[in-house]
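A quick write-up on the structure given underneath.
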Amino acid sequence: MNLSAKNVSFKYYGKKKKKPIFELCSTSLDVPEGKLTAIIGHSGSGKSTLLSILAGVLRPEKGDVTVGNVDIYSLSDRERSFYRNKNIGVIPQGNSSLKHLTVFENISLPYEMYGDGVPRENIDAILRQFGLIELSDEPACGLSGGEQRRLAIVRAIVRKPSIILADEPTGDLDEDNRKNVLSELKKMTMSGTTVLMVTHDKEAEGYADQVFKMENGVLL
Amino acid sequence: MRFEIKLAIKNIKGHWGRSAALFALAALLACSIFGGSIIIRSLQNGLRSYEKRLGADIIVIPEEAAGEGTFESILLQGIPGYFYMDMDVLEAIRGLEGVKAASPQFYLASASSGCCDTLVQIIGFDPDSDFSVKPWILENYGKMINDGDVIVGSDIRIPENKSFRFYNVECRAVAKLGKTGTGLDSAIYADMNTIQRMMESADKIGFDYFESVEPENAVSSVLIDVTDGYEVRDVARKINLEFEGVRAISSKDMVSGISEGLSGVSKVVGGLIVFIWGLSIAVLIVSFNMIVNERVGELALLRIIGGTKKMLAGVLLWETIIISVGGGLLGNALASLVIISFSDILRDALKVPLLLTNGWIIGIVFLFSVLVSTIVCVLTSVIAANRITSKDTALILREGL
Ligand SMILES: Nc1ncnc2c1ncn2[C@@H]1O[C@H](COP(=O)(O)OP(=O)(O)OP(=O)(O)O)[C@@H](O)[C@H]1O
Ligand SMILES: [Mg+2]
């Protein structure tokens, strides 16, 4: 499934509302199926903002985002959320988990949200692959930075979504884990998943089939 | 179970410190209106039953008893007491214009020494002329009591053999009266013959109650029923002018004296409720705002994995509902316990009649106060949640959230 943005723009306004403190200029982007795509760029250049727009959680002021043939911002909030739940796996930047739930409960959330059965064995297998199986029943608040990162990755890829949007998936990870994550993303790309990742990591850049650069809200 | 409810329960358990604080606030909100309204209602109820049990338009007592407050402490606090005046007053009052009926009562405090079983107030009445006690006896016993029988107030425990001994006079307890919430609940009623025997026997074994009056010529009070068409206050005033050494009090005045005192109590209770509510609502608004801010990351995550805005609001809403209903129920249960177990102490402290309202009114007020406090909690949390969930940008996951 192809993911594309056409002429999307967005502004953040500061406290005073008058002048935007950040502007994502009219941006167009194609993330084709079967190619691992990466976006690099300085901190604050707008990479995460673009990713949020592509994920359907931040409505652009102008422009469209299409996933397959679906213009996702023409859907209602309910439809778009449901669509995201089933088809888009998002790995957010930084820590993201419900800290008081266990690792397993966190992974189960996307299933339980719409009453889908929780496939225990699948989850256990992938937790094992990412070295989290021992921590399965531990509350997420006790995890280290790297463990948090892997939890977010597992949560996003466990359902085998057709689109994966990863914001610095290798941040906080050691050499082995980085390799593990990147090769998994590569493998998923080759088996037909559309993967877009934001990264500062030179090694990750090496895995990518196409690389875009973001600079001050402009995608080059 | 719905996802929102399940997650709400997990969130409550996961943040038990925060939940407990909100739980306590909800409990405070509910129990303040519940407790406040039950107390106010019970005071009104007590006052009504007090007026009914007095059963006379005017009560005439010796001047000293009025001045020293002995009479009030017998009626309101159940502190046994006695006072006497000369029987002549009774006949004289009967002759007055506007007096339809007049009946004497005799107050005797039992002694705590060996001649008496318990320390109580004994009230004697004259079955022939009585109009104030008889209706209660008929209601609770079905017929008039005989010589040697006593009827006891609701707070008095009747012993297994049903017999009491006062000043060596054996009495049989035949029935118990309903609760009034006044000192009369710890009184014992007997007819004139019985009480005369007690008085004489007391006199014989050396209790010197009757200072200046002869035991057979003594009465404690005269209860007056005023003829229709006459002003109760006028009749009372006339008695006060014409008779030396006695005081005629209209029962309306007695009750209104208390109810003036009560309106002060009601104001204090009302003010306290307003204060507690103002404070709790302020604290709730601040805490919900803080909690929602602290939880932006959590909400943003739910959004990212496919939660709708409605779902996020639902999770927050269910958390608030569960906490405020739970807190309200617990708060009210505690308040009920406190009120029920301390109502007598409260009555004595306030020196007013206090009669708990009946069960189903308590039940309705109980549920109503839980409902009101839940609505308030939900409204304050909705305001806070709305600020977050209505804006996309507020829910963007950023490092550090
Ligand atoms: N919710 C928000 N409200 C206001 N400004 C925001 C918000 N989110 C991001 N910004 C601003 O928009 C700009 C772009 O932010 P964004 O997170 O997209 O950058 P980024 O390229 O992902 O940076 P990094 O590499 O550090 O993650 C920044 O200047 C940031 O301060
Ligand atoms: Mg970023």
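One residue alone among B:LEU7, B:LEU43 is more than 28 Å from the chain's Cα centre (by Cα), in contact (Cβ under 8 Å) with a residue 24 or more places away in the chain and open to solvent by less than 20 Å² (accessible area, probe 1.4 Å), and that residue is B:LEU7. When you check A:GLU112 against the structure, is it more than 16 Å from ligand 2 (Cβ to nearest atom) and more than 7 Å from chain B (Cβ to nearest Cβ), yes or no? Considered against the rule, which asks whether it is more than 16 Å from ligand 2 (Cβ to nearest atom) and more than 7 Å from chain B (Cβ to nearest Cβ), A:GLU112 comes out as no. Consider the range A:83-98 and keep the residues that are open to solvent by 40 Å² or more (accessible area, probe 1.4 Å) and modelled with pLDDT under 90. The one that is nearest to the other protein chains (Cβ to nearest Cβ) is A:GLN93.
If I filter the range A:11-36 down to residues being in contact with a Gly (Cβ under 7 Å, 6 or more places away or on another chain) and within 26 Å of A:LYS86 (Cα to Cα), which single residue comes out as most open to solvent (accessible area, probe 1.4 Å)? Out of the qualifying residues, it is A:GLU33.
Out of curiosity, is A:THR49 within 12 Å of another protein chain (Cβ to nearest Cβ) and outside any loop (DSSP other than H, G, I, E, B)? Judged against the criteria, A:THR49 is a match. Screening B:ALA335 with (1) within 26 Å of B:GLY17 (Cβ to Cβ); (2) open to solvent by 20 Å² or more (accessible area, probe 1.4 Å); (3) in contact with a Gly (Cβ under 8 Å, 6 or more places away or on another chain) gives one miss only, at (2). Of all the criteria given as (1) buried (at least 17 other Cβ atoms within 10 Å of the Cβ); (2) under 16 Å from B:THR308 (Cα atoms); (3) within 8 Å of another protein chain (Cβ to nearest Cβ), the one not satisfied by A:ARG80 is (3). Counting only helices (runs of 4 or more DSSP H) wholly contained in the range A:121-220, the ones carrying 3 or more residues that are away from ligand 1 (no atom under 14 Å from the Cβ), more than 14 Å from chain B (Cβ to nearest Cβ) and farther than 21 Å from B:GLY306 by Cβ occupy A:175-190, A:202-207. Condition first: touching a residue at least 60 places away in the same chain (Cβ under 8 Å) and among the β-branched types (Val, Ile, Thr). Now tell me which residues in the range B:137-186 satisfy that. Correct list: B:THR180, B:THR182.
Conditions (1) away from ligand 2 (no atom under 16 Å from the Cβ); (2) open to solvent by 70 Å² or more (accessible area, probe 1.4 Å); (3) within 14 Å of chain A (Cβ to nearest Cβ); (4) modelled with pLDDT under 90, marked per residue:
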| site | (1), (2), (3), (4) |
| --- | --- |
| B:MET290 | yes, yes, no, yes |
| B:LEU302 | yes, no, yes, no |
| B:GLY327 | yes, no, no, no |
| B:SER343 | yes, no, no, yes |
| B:PHE366 | yes, no, no, no |
| B:ALA384 | yes, no, no, yes |
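Residues of the range B:337-368 that are polar (S, T, N, Q) and closer than 23 Å to B:GLY264 by Cα: B:SER343, B:THR357. Here the range A:1-26 is the region considered, the condition is being outside any loop (DSSP other than H, G, I, E, B) and under 13 Å from A:LEU196 (Cβ atoms), and the residue that is nearest to ligand 2 (Cβ to nearest atom) is A:ALA5. Condition first: more than 16 Å from ligand 2 (Cβ to nearest atom) and farther than 23 Å from B:GLU298 by Cβ. Can you find one or more residues in the range A:88-99 that meet it? No; the residues of the range A:88-99 include none that is more than 16 Å from ligand 2 (Cβ to nearest atom) and farther than 23 Å from B:GLU298 by Cβ.
So A:LEU50 ticks every box in (1) open to solvent by less than 10 Å² (accessible area, probe 1.4 Å); (2) away from ligand 1 (no atom under 14 Å from the Cβ); (3) not basic (Lys, Arg) but one. Which box is left unticked? Condition (2) is where A:LEU50 drops out.
If the condition is being of a type in the set (Ser, Thr, Tyr) and within 28 Å of the chain's Cα centre (by Cα), then the range B:118-151 contributes B:THR118, B:SER132, B:TYR141. Looking across the range A:10-46, just one residue is hydroxyl-bearing (Ser, Thr, Tyr), more than 11 Å from chain B (Cβ to nearest Cβ) and within 10 Å of ligand 1 (Cβ to nearest atom), and that is A:SER45.
Conditions tested, residue by residue: (1) open to solvent by less than 10 Å² (accessible area, probe 1.4 Å); (2) at pLDDT below 90; (3) within 16 Å of the chain's Cα centre (by Cα).
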residue: A:SER9; (1), (2), (3): no, no, no
residue: A:ALA38; (1), (2), (3): yes, no, yes
residue: A:PRO60; (1), (2), (3): no, no, no
residue: A:VAL65; (1), (2), (3): yes, no, yes
residue: A:ASN69; (1), (2), (3): no, yes, no
residue: A:VAL103; (1), (2), (3): yes, no, no
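The values are calculated or read from the model by the stated rules, or taken from the named source; none is laboratory data. Because the structure is a prediction, the values reported are computed rather than measured. Note that we place each Cβ from the backbone using ideal geometry, even for glycine, and neighbour counts take in every protein chain shown. Note: accessible area is taken over every heavy atom of the protein model, side chains too, but ligands, DNA and RNA are not part of it. Shrake-Rupley method; radii C 1.70, N 1.55, O 1.52, S 1.80 Å.
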